[in-house]
Amino acid sequence: MPFQLSAEKLVYGGDALGHHQGRTVLVPRALPGERLEVEEVRTAKGVVHARPLRVVAPAPERVNPPCPFFGRCGGCHYQHFAAENQVVAKREILRETLRRIGKIGWNSEIHVHASHPWNYRNQAQFKIARKAGSEVSLGFFEAESHNLCPIDACMIISPKLNEIFSELRKPEYAAQLAGCSEIEVLADGRDERAMITVHGDLNAERAASLARDFLMQLPGVISVACEVGHHWRVAGAPAFEYRVGEFTYRVSPTSFFQASRFLLPSLAEAVAAETKGQLALDLFAGVGLLTLPLARRFGEVVAVEAHVPAARDLVANAESHSLGNVHVAAESAFDFLRRFARAGPDLVVIDPPRAGVGARTLRFIAALRPRRIHYVSCHPPTLARDLSFLVAQGFELSSIELFDFFPQTFHIESLAKLTSG
């Protein structure tokens, strides 16, 4: 049964929060101050999740979404909201999340690094679905679903990715895409060259044929990796190179690399800013995006990365820049820290996945008593949880910065800096 409610505020996750008959209601594609007609979709943990049917009284900040797939495709959440207003809302969402989950009342400035609002993604995962017969559709998943939303172009991915996607949608590629479930494409910082990673059920012969066709026919593609059983077959360039500032990074097909191309130099600079000393630890280091800049400022940098291919890339990246002061530990942060006995490092950098650091690893970090901790987060709730622990251990939160890596979405990248009390 449809009902009306007033949206009160935006919360992390892209929804607006309101109340109806004493119950909390979350509704997507709504703005604070709006009156909406909605219908209940489900209730989870006492919270009603609703679908918007009609905006009865729109907020003055509402704009017309420029993408025809907005509202069905699950990639974007805020296209009905101007980009300059999105970053203001995200700043307050970050502040409230720290207060609600971490009990951290941060009333000082949160400096915002804004990105260009369109064509910023240098990486995309195109999902593939087969229709009746041999017809193949490409696109992204619908919101909160594994149903495919076919699209013809995406406004937040780079021009090179859109160019490749447009080619892949042509009928002549239907046969090559049979057995593929996802095609991941990474473009370089200049948006000229690309690496493709193909996921699916392919045998060695089909993988070789597909890779050969992609290298010959897709514009700018220099490397293709295909999943064959539990192994990867790479054709073309054995690895991909991505330049950020003064550093060039080797990125192997399964290694993680940031998916937003405009703010990477700003993030790397902010993490390393005003730091120097004898020893820095870079935990969850990936291919070394932050390790290499740190190596210019510290006598020694120990970079810890559990994913073996990324750790290999990290070693190669340090060697290619003649950074002999970088030492790589190819293991989890927990396993490394439980054996690491050098107390008082000048800096510990933490850049974990969405799950955050975790209590056991945080205890080891706190026990080292580093002079500074720089925490890069892609998930405010786990950031709030982990900062709460560190503050309770005597570390003082000195600054917070927000990097709007992903405009039009609810995602928030942030940098929190702490000093030893």
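The values are calculated or read from the model by the stated rules, or taken from the named source; none is laboratory data. This one's a predicted model, so the numbers in the text were calculated from it and none came from an experiment. We place every Cβ from the backbone using ideal geometry, glycine too, and count neighbours over all the protein chains shown.
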Filter result for residue 302 (aliphatic (A, V, I, L, M) and either part of a helix (DSSP H, G or I) or not assigned by TED's automatic domain parsing to the domain that holds residue 268 (or both)): no
Output for the stretch 400-421, where each listed residue is hydrophobic (A, V, I, L, M, F, W, C) and either surrounded by fewer than 20 Cβ atoms within 10 Å (Cβ to Cβ) or not in a strand (DSSP E or B) (or both): 405, 406, 410, 412
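Just checking, which of 310, 333, 303 is crowded, with 17+ Cβ neighbours inside 10 Å, hydrophobic (A, V, I, L, M, F, W, C) and without any contact (Cβ under 8 Å) to a residue 40 or more places away in the chain?
Details: 310 fails: without any contact (Cβ under 8 Å) to a residue 40 or more places away in the chain; 333 fails: without any contact (Cβ under 8 Å) to a residue 40 or more places away in the chain.
Going through 310, 333, 303 in turn, just one is crowded, with 17+ Cβ neighbours inside 10 Å, hydrophobic (A, V, I, L, M, F, W, C) and without any contact (Cβ under 8 Å) to a residue 40 or more places away in the chain: 303.
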Qualifying residue in the stretch 86-103 (condition: within 14 Å of residue 397 (Cα to Cα), assigned to a loop (DSSP other than H, G, I, E, B) and either of a type outside the set (Lys, Arg) or at pLDDT 95 or above (or both)): yes
Enumeration of residues in the stretch 266-283 that are over 23 Å from residue 356 (Cα atoms) and either hydroxyl-bearing (Ser, Thr, Tyr) or within 18 Å of the chain's Cα centre (by Cα) (or both): 275
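Tell me, yes or no, whether the stretch 41-51 has at least one residue that is outside the structural domain of residue 386 (by TED's automatic domain parsing) and assigned to a loop (DSSP other than H, G, I, E, B).
Here is the first cut: in the stretch 41-51, the residues outside the structural domain of residue 386 (by TED's automatic domain parsing) are 41-51.
From what's left, assigned to a loop (DSSP other than H, G, I, E, B): 45-46.
Yes; the residues of the stretch 41-51 include at least one that is outside the structural domain of residue 386 (by TED's automatic domain parsing) and assigned to a loop (DSSP other than H, G, I, E, B).
One line per residue, one yes/no per condition, for (1) touching a residue at least 24 places away in the same chain (Cβ under 8 Å); (2) more than 28 Å from residue 208 (Cβ to Cβ):
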position	(1), (2)
234	no, no
237	yes, no
246	no, yes
261	yes, yes
The stretch 131-165: number of residues that are touching a Pro at 6+ places or on another chain (Cβ under 8 Å), among the small types (Gly, Ala, Ser) and more than 13 Å from residue 75 (Cβ to Cβ): 1
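Give the stretch 355-399 a look and list any residue that's small (Gly, Ala, Ser), at pLDDT 95 or above and surrounded by fewer than 19 Cβ atoms within 10 Å (Cβ to Cβ), or say none. Outline the logic, then answer.
Filtering the stretch 355-399 down to residues small (Gly, Ala, Ser) leaves 355-356, 358-359, 366-367, 377, 384, 388, 392, 394, 398-399.
With at pLDDT 95 or above added as a condition, the list becomes 355-356, 366-367, 377, 384, 388, 392, 394, 398-399.
Those that are small (Gly, Ala, Ser), at pLDDT 95 or above and surrounded by fewer than 19 Cβ atoms within 10 Å (Cβ to Cβ): 355, 366, 367, 388, 392, 394, 398, 399.
Can you find a residue that is in contact with a His (Cβ under 9 Å, 6 or more places away or on another chain) and among the hydroxyl-bearing types (Ser, Thr, Tyr) anywhere in the stretch 388-403?
Here is the first cut: in the stretch 388-403, the ones in contact with a His (Cβ under 9 Å, 6 or more places away or on another chain) are 399-403.
Filter once more, so that each one left must be among the hydroxyl-bearing types (Ser, Thr, Tyr): 399.
Within the stretch 388-403, one or more residues are in contact with a His (Cβ under 9 Å, 6 or more places away or on another chain) and among the hydroxyl-bearing types (Ser, Thr, Tyr).
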Tally of residues being in contact (Cβ under 8 Å) with a residue 40 or more places away in the chain, out of contact with any Lys or Arg (no Cβ under 9 Å at 6 or more places or on another chain) and within 28 Å of residue 14 (Cβ to Cβ) across the stretch 358-379: 1
Any hit, the stretch 223-233, residues being in contact with a helix residue (DSSP H, G or I) (Cβ under 7 Å, 6 or more places away or on another chain), surrounded by fewer than 18 Cβ atoms within 10 Å (Cβ to Cβ) and within 25 Å of residue 75 (Cβ to Cβ): no
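Take the residues in the stretch 127-179 that are assigned to a loop (DSSP other than H, G, I, E, B) and of a type in the set (Ser, Thr, Tyr), then tell me which one is nearest to the chain's Cα centre (by Cα). Show your work before the answer.
Step one: of the stretch 127-179, the residues assigned to a loop (DSSP other than H, G, I, E, B) are 131-135, 143-147, 151-156, 158, 169-170, 174-179.
Still in the list and also of a type in the set (Ser, Thr, Tyr): 134, 145, 158.
Values: 134: 34, 145: 19, 158: 16 Å.
Result: 158.
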Total residues in the stretch 233-248, condition farther than 19 Å from residue 199 by Cβ and part of a strand (DSSP E or B): 6
Residue within the stretch 242-261 that is closer than 20 Å to residue 368 by Cα and either modelled with pLDDT of 95 or more or surrounded by 23 or more Cβ atoms within 10 Å (Cβ to Cβ) (or both) present: no
